[in-house]
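Below: one structure, written as structure tokens.
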Amino acid sequence: MQDENEEYRRLLNTVADQPGIASTVDIGRAIAEGKHRQRVRRMRVVAATAGVSAVAVMAIPFALQSIDRKPVGLASAAPSAPASATPTAKAGFQTRPYDRSGTRALPASCTPRKLAVPGGNGIQSYVTNVDPSGLYATGRIYDDDQNPVIWRDGHPTQISMGGDDDMLQDATSKGDAVGFSYRSDGPQAQAYVGGVLTKLRGGSAEASGINERGAISGFLDEGRTRTAVTWPSAASDPVRLAVPEGTLRAMANDIDEDGTIVGNIVRFLPNNGRIAYVWYPDGTAQALPTPVWEGQYATDFDARSISNGWVTGYVTLAQKRSAGVRWDLVTGKVMVLDGLEWSNDVSRFGWIVGMNTHQDAVMTDGVNTVPLTALYAKPEYGMNWGEAISDDGLTIVGHNDDKSYDGLQRAVIWKCK
């Protein structure tokens, strides 16, 4: 039987490579999510051998289009120097001050446990984020449908969002959360604040992040384009974020506690590559420094998460290979972590969680690496990865593939010390 990863890669790469179309498909995350959803929902995607048009994307469940990958990975699970080069600063990049006092060393070890799931051992679970304190986590479970869930100290509460494909994407230390509900007319951004679910203003949209002040990042889905926005609160109209003239598409992926937002823009480039971008609370914005990997300036790189001025994301080469990236808004320096396939999230100390090139979950500070111990034996083609990290770096959430259940994906929480 053909490897499921390869099946999705071939289909999605064909779509992403269509000339003149800025791809909204995040191939790596689509593969990871789609691999497991295929087992649960027995999804079938049919494409003509002559090529797949953009219309074919509509045959793929929305989660495959909308859940953008935050690449992960490190080459080994022992202390190492995963960066491919010394961090470099971009001339002309406008740096910003952040309080970096209290920096500490990486924890020595991290102990995993399963995030509880209603319905028993045979239910797949997916975790998307953890709040800054490490108390709340967001995600969903896959029983007869896709049900959003908020875990508090590892115990789940299901949240009904009323759509066909619903997801909570981020949470605060009060247990407020944001995400989207997919319906026949497109995605609907929603906020769960004070125990009440509210549709965000702006029409078809997704919410990607929320900070402790209640400000929200996300984007408007406007047909063939997407527009990066922020909602100052769950009751506010969306505010469009400034982009350079000629921008085809912009997405806001995360928001820091001071209101700084990171994401990407796509301009009229030959390959429609993403450019990592940062928007500041004062209304100014700029491209993040271009990573250099294996002697090549990146033409596709994205910013996925931000904490205390540390930004993590990824870079891809033309061969669809990816590596982790970390930017520092204080110095303007960029570091490529070529031992990481995915770099999903970053703590206030600059520690990154993700997945290494052996498809194992890890945490790194850019020099040393801590393996995130697997809770379940991994199948031959399985993947384990860290998805999100608390501010203090001592709570991590992510996933293990469970060999004993045919590679069933399970949401896991690690406590580090």
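Laid out as a table, the results:
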item: Least to most buried among T247, T395, T157 (fewest other Cβ within 10 Å first); result: T157, T247, T395
item: q = 0.10, 0.11, 0.13 Å⁻¹: log10 I(q)/I(0) that the Debye formula gives for region 88-416, counting C-alpha atoms only; result: -0.54, -0.67, -0.96
item: Stretch gain in nm, segment K403-R100, where the contour uses 0.36 nm per residue and the Cα spacing is subtracted; result: 104.9 nm
item: At R0 = 22 Å, FRET efficiency that the Cβ-Cβ distance of H155 and A377 yields, to 0.05; result: 0.30
item: Radius 11 Å from Cβ of P148, net charge of other residues (Lys, Arg +1; Asp, Glu -1); result: -2
item: Length gained when the stretch K174-D258 is fully extended (0.36 nm per residue, less Cα-Cα span); result: 28.5 nm
item: Which listed pairs, of K114/K415; K114/K174; K320/K403, have C-alpha distances above 19 Å, in listed order; result: K114/K174; K320/K403
item: Three-way shape label, region 348-414, alpha-carbon gyration tensor, a/c 1.5; result: prolate
item: Theoretical FRET efficiency, 1/(1+(r/R0)^6), r = Cβ-Cβ of A91 and V239, R0 45 Å, to 0.05; result: 0.90
item: Estimated dipole of region 246-287 in Debye, rounded to 20 [Cβ of Lys and Arg +1, of Asp and Glu -1, Cα centre]; result: 440
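Values quoted throughout were computed directly from the atomic coordinates according to the rules given, and no laboratory measurement underlies them. Because the structure is predicted, anything quoted here is derived from the model rather than measured. Cβ atoms come from the backbone with ideal geometry, glycine included; neighbour counts cover every protein chain shown.
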